[in-house]
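Before I ask anything, here is the structure I am working with.
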Amino acid sequence: MPLEPVSLAMLMQLAETRDPPIHEGTPALARMSGPIFAGMSGRGPDVARVRNLKLDTSDGGRIRVRVLEPEGESRSVVVYFHGGGWVIGDIDLQYDHVARDLVNLARSTVVLVNYRKAPEHPFPAAVEDSYLGLCWAAEHLTEFAPAGVPLIVAGDSAGGNIAAVMTRWARDRGGPRIDYQVLVYPVTDCDFDRPSYVAPENQLLLSRDTMIWFWGHYLADEEARTSPDASPLRAPDLAGLPPALVYVAECDPLHDEGVAYARALADAGVPVVLEEAAGQMHAYFQMADILPGYRTGVELVADHIGTFLAGCTPGGQEG
């Protein structure tokens, strides 16, 4: 189906400003758009408790994490990695709203990890920071949720890429145990020539040129991009990873690689559900109160988390 009308109207308004596309500017300039969209989204709903902490990285840096807790007993802990092409975005802007909605809809604690951004901190800083945040959440889980609740990783776009990498790192490094994964229009490969990448109708808020720009800042070495830690679709073995929801947008350059990753997980014996947001473009999932697809999307994710939790036995094991 064609792009839904509200998204189309927003793109027409943006076109009238005659601002250059992201890939024609600098990271600093691209980051200036974050507060604008955040202001349009609003603060988000109240949650029972919010805590902000800082973690020290192994190379002397620091990252922030935000823990948001629901009213009553938390059913799970969701470690969420935000999108933004590894270059833009942070936990203070649109993603605080996303986390607040997930907290209330899934009745779960959400931990946002503010990994460091490229080009100042190129690959593998984002995945290393994210693994630090994931391990911290697992080690401190009983401080904000009952012992034994499932641990879930989730993320959109570049954050979906990170969440996918985290599942394999946890498997191969002996923990922490991840019970479920939610990947919203994830980056899974460095191939810019898939049909959805080159389709003219998909060159919207995110385009092929913009993704090339993001990858150029995150990991300039084109050969190194084929590492499974950057392109999880290229991992030689996906067996034993946690059950997954892969949620793609129909009008998105990343559509085909998301579908391909869902199929690769299924081929490896991983239980996976593939959902498609019809008529939606990339980035709709972060645009609370802006695009109607956001509310449908966040409710769908929460419903899938709820379905998974309903099938779990105490201790997070799927029944």
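Report the accessible area of LEU274, computed with a 1.4 Å probe over the heavy atoms of all protein chains in place, in Å² rounded to the nearest 10.
Accessible area of LEU274: about 80 Å².
Listed highest first by mean packing, meaning other Cβ atoms within 10 Å per residue, what order do 151-162, 60-71, 257-268 come in?
Working: 151-162: 29.5, 60-71: 17.9, 257-268: 19.6.
The peptides rank, most packed first, as 151-162, 257-268, 60-71.
At 222 nm, what helix-only mean residue ellipticity would the chain give, in deg cm²/dmol to the nearest 500, using -39500 (n - 2.57) for each DSSP H run of four or more?
Values: 10 runs with 117 residues, N = 319.
Theoretical 222 nm ellipticity from helices: -11500 deg cm²/dmol.
Translational diffusion coefficient of region 131-273 at 37 °C, 0.692 mPa s, Stokes-Einstein with Kirkwood Rh over Cα pairs, in µm²/s as a whole number.
209
I'd like the Kirkwood hydrodynamic radius of region 37-186, using the inverse of the mean 1/r over distinct C-alpha pairs, in Å.
Working: mean 1/r = 0.0662 Å⁻¹.
After inverting the pairwise mean of 1/r, the radius is 15.1 Å.
Shape of the chain from its Cα gyration tensor (a ≥ b ≥ c, root eigenvalues): rounded if a/c is under 1.5, otherwise prolate when a/b > b/c, or oblate? It would help to have the intermediate numbers written out before the result.
Values: a/c = 1.36, a/b = 1.27, b/c = 1.07.
Rounded.
Count the DSSP beta bridges whose two residues both fall in region 65-170, then state the antiparallel fraction as a percent rounded to the nearest 5.
The antiparallel proportion sits near 30 percent.
Would you mind checking the tilt of helix 208-218 against the longest principal axis of the Cα atoms of the chain, expressed as 0 to 90 degrees and rounded to 10?
50
Considering only protein heavy atoms, with the full assembly of protein chains and a 1.4 angstrom probe, order VAL301, VAL198, VAL47 by accessible area, largest first.
Descending accessible area places them as VAL198, VAL47, VAL301.
Using the Karplus equation 6.51 cos²θ - 1.76 cosθ + 1.60 (θ = phi - 60°), what ³J(HN,Hα) coupling, rounded to whole Hz, does each residue of region 94-110 give in order, writing x for Gly and Pro?
4, 7, 5, 5, 4, 4, 4, 5, 5, 4, 6, 6, 9, 6, 9, 6, 10
In addition: Tell me, what is the per residue accessible area of the chain in Å², probe radius 1.4 Å?
Computed with neighbouring chains in place, this is 40 Å² per residue.
Tell me, what ³J(HN,Hα) does each residue in region 267-274 have, in order and in whole Hz, if you take phi through Karplus 6.51 cos²θ - 1.76 cosθ + 1.60 with θ = phi - 60° and put x for Gly and Pro?
5, 8, x, 8, x, 9, 10, 9
Which trypsin sites (Lys or Arg not before Pro) does region 148-191 hold that lie in a coil by DSSP with at most 12 other beta carbons within 10 Å?
Sites meeting the loop and neighbour criteria: ARG173.
May I pose another question? Between region 251-304 and region 148-210, what is the separation of their alpha carbon centroids in Å?
After rounding, the separation between the Cα centres reads 10 Å.
Taking amide hydrogens as modeled 1.01 Å from N in the peptide plane, which residues meet the under 5 Å criterion relative to PHE81, leaving out close sequence neighbours?
Correct list: ALA154, GLY155, ASP156.
The values are calculated or read from the model by the stated rules, or taken from the named source; none is laboratory data. Keep in mind it's a predicted model, so treat the numbers as computed, not measured. Virtual Cβ from ideal backbone geometry, glycine too; neighbours counted across all protein chains shown. The area values use the complete protein model at the heavy-atom level, side chains included, leaving out ligands, DNA and RNA. Shrake-Rupley method; radii C 1.70, N 1.55, O 1.52, S 1.80 Å.
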